Amino acid sequence: MAPRVLIADKMSARAVDVLTERGVEADVKTGLDRDQLIEIINDYDGVIVRSATKITEKVIEASERLKVVGRAGIGVDNIDVKAATAKGIIVMNAPSGNAITTAEHAISMMMALARQVPQANASTHAGKWEKSRFMGMEITGKTLGIVGCGNIGSIVAERALGLKMRVIAFDPFLTDERAVQLGVEKVSLDDLLARADIISLHTPLTDKTRGIIDAAALAKTRKGVRIINCARGGLVVEADLKAAIESGHVAGAALDVFEEEPAKENVLFGMEEVVCTPHLGASTTEAQENVAVQIAEQVANYLLHGAVANALNMPSISADEAPRLKPFIKLAEQLGSFAGQLTESSIKGITIEYAGDVAEMNTKALSSALLAGLLAPILTEVNMVNAPIVAESRGMAVDEVRQSKRGVYDTYIRLIVRTERQQRSVAGTVFSDGKPRIIQIKGINMEAELGPHMLYVTNEDKPGFIGALGMALGDGGINIATFNLGRQERGGDAIALIEVDDTVQPDLLAKVRALPHVRDAKFLTF
């Protein structure tokens, strides 16, 4: 029997054509509420949505047949990925279909903002002829600051260079080589804020990027700067932007995304200096067809052949090797996440060493899992399938080394990350109990299992350190679950890796960093 797929949101009719041509039955039923969707979901092997239909935990629980959820676009906020993963349902997206369209919208917003096109249009339609009122800004020779120079940001940079602008970019993962290829100048965020005439945001929304343009950031910008956000709501603190515009420091802003959507009310609405559009970044005929075709092809290929592409919750692994690989995939993710949470400057190179039995496994899947863990702290849309492509697009050199058994462990994985500032290494293995363990950090041997909340401390090996650290955590109400130590030599560099029961808040972390003999401390989550 042919697999069946439900198309639950309005999208290009080409999606149905692609599925039908591949031998998949396709039903189009849009506008379903939750109860209606729950009633019919068990009739389908796959469902394709855009942003309107919500695939919630209740919907997932109602299906014993569903194998794949496809999102015609990038964001999966309307899909409970965790619940889908627990049920063994693959969640796919179509990340590349609307990149050009979104980049073009950012350029359009920049032009509209510079020449006050929407305001002049409204005035002229009203029968006014206010030619002297709408004095514009020429963008030729101006400096465009791009925050986030990934797929979309790099396209914006290329278009801006074609318009004879100077382009500077801030991106922690942008290498010097990739910057040269794009023709942009790589700078720090503070440098970008101080120099840019126009700032355009093209970064995902993460804990590190939320509110990246706030009052403090705007105070560092030059008077008359213009702000563009076609990426994600929440990157700009809207109240702070309003205040900066009202003070005359910021000349204007163009926003396609907002902290709360749909945005029926907003503090920026009604301001003459602000151009607003209702999240139109991907709204072109070409983009809608591209994402519909892409996701239909992916869903069909999985249901018919088991091929997995652009999955957010599963690497490319065959059924035969899955049980053996599973604990090593977890180890690879943890090694990557450990290094990624500690990395604060752009990554120039990555070396992954596989020693012993693991070197004979599917290292492609393992490397993808490791890279996803490494990049995820900054790039939320990275997954085990697209991580190698993301790393390549950012100019990161990734090398794999396979070798026979080395040292006391039968098998291990070592990750070496080279940044502009330093080289960091971390190694781990899987014990007979199937649980991953860290066995070495920066050349210092130790043995530690990673829990959900970890405190990583680098320090001098001096008496009194452990007592002072324990006292600080105790005073802060933090209970220690496990305490793991390692050192290079007596009195030399040392590392403490502590599992704690709760989140270590920034103020307590600052107190730990201020302790005698402590060089640095980071709170990590896994």
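The values are calculated or read from the model by the stated rules, or taken from the named source; none is laboratory data. As the structure is a computational prediction, the values presented were derived from the model and not from experiment. Methodologically, a virtual Cβ is constructed for each residue, glycine included, from the backbone with ideal geometry; neighbour enumeration extends over all protein chains shown.
Points to keep in mind about this one:
- Among residues that are surrounded by 21 or more Cβ atoms within 10 Å (Cβ to Cβ), more than 21 Å from Pro388 (Cα to Cα), more than 21 Å from the chain's Cα centre (by Cα) and of a type outside the set (A, V, I, L, M, F, W, C), Asn290 is included.
- Taking helices (runs of 4 or more DSSP H) as the structural unit, those lying wholly within the range 234-353 and holding at least 3 residues that are assigned by TED's automatic domain parsing to the domain that holds Ala169, more than 30 Å from Ser425 (Cα to Cα) and small (Gly, Ala, Ser) correspond to 238-246.
- The range 92-109 - residue that is at pLDDT 90 or above and not in a helix (DSSP H, G or I) and, of those, nearest to Lys82 (Cα to Cα): Met92
- Asn313 vs. criteria surrounded by fewer than 23 Cβ atoms within 10 Å (Cβ to Cβ) and either over 21 Å from the mean Cα position of the chain (by Cα) or among the polar types (S, T, N, Q) (or both): yes
- When the range 78-89 is filtered for residues that are over 18 Å from Lys10 (Cβ atoms) and within 19 Å of the chain's Cα centre (by Cα), the ones remaining, listed by number, are Asp80, Val81, Lys82, Thr85.
- If only residues of the range 347-388 that are farther than 18 Å from Ser337 by Cα and among the aliphatic types (A, V, I, L, M) are counted, the one that is surrounded by the most Cβ atoms within 10 Å (Cβ to Cβ) is Val358.
- Inter-residue pairs, beta-carbon under 9 Å, first within 21 Å of Ala52 (Cβ to Cβ) and in the range 261-275, second of a type in the set (A, V, I, L, M) and assigned to a loop (DSSP other than H, G, I, E, B), 6+ apart: Ala263/Val257
- Val180 being under 19 Å from Asp240 (Cα atoms) and assigned by TED's automatic domain parsing to the domain that holds His249: no
- Answer from Val68, Val47 - the residue that is in contact with a strand residue (DSSP E or B) (Cβ under 9 Å, 6 or more places away or on another chain), within 17 Å of Asn383 (Cα to Cα) and surrounded by 15 or more Cβ atoms within 10 Å (Cβ to Cβ): Val68
- For Gly211, the requirement of being at pLDDT 95 or above, touching a strand residue (DSSP E or B) at 6+ places or on another chain (Cβ under 9 Å) and in a loop (DSSP other than H, G, I, E, B) is met.
- Residues of the range 422-439 that are modelled with pLDDT of 90 or more and hydroxyl-bearing (Ser, Thr, Tyr): Ser425, Thr429.
- Counted residues, the range 376-422 - those being assigned to a strand (DSSP E or B), touching a Lys or Arg at 6+ places or on another chain (Cβ under 9 Å) and free of Cβ contacts under 8 Å to residues at least 60 places away in the same chain: 5
- Matching option when the condition is at negative phi, modelled with pLDDT of 95 or more, crowded, with 23+ Cβ neighbours inside 10 Å and not basic (Lys, Arg), among Leu144, Leu163: Leu144
- Criterion (crowded, with 23+ Cβ neighbours inside 10 Å, of a type outside the set (Asp, Glu) and under 24 Å from Pro278 (Cβ atoms)) met by exactly one of Ile212, Ile199: Ile199
- Residue within the range 484-494 that is loosely packed, with under 14 Cβ neighbours inside 10 Å, of a type outside the set (Asp, Glu) and on the phi > 0 side of the Ramachandran plot present: yes
- The C-beta contact set for the range 506-520 (first residue in contact (Cβ under 8 Å) with a residue 40 or more places away in the chain, second residue hydroxyl-bearing (Ser, Thr, Tyr) and surrounded by 15 or more Cβ atoms within 10 Å (Cβ to Cβ), distance under 9 angstrom, 6+ apart or interchain) comprises Val518/Thr458; Arg519/Thr458; Asp520/Tyr456; Asp520/Thr458.
- Checked against (1) farther than 21 Å from Arg14 by Cα; (2) in contact with a Ser or Thr (Cβ under 8 Å, 6 or more places away or on another chain); (3) surrounded by fewer than 21 Cβ atoms within 10 Å (Cβ to Cβ), Leu235 passes all but a single condition, namely (3).
- Within the range 430-460, considering residues that are charged (D, E, K, R) and farther than 27 Å from Gln505 by Cβ, the one surrounded by the most Cβ atoms within 10 Å (Cβ to Cβ): Arg437
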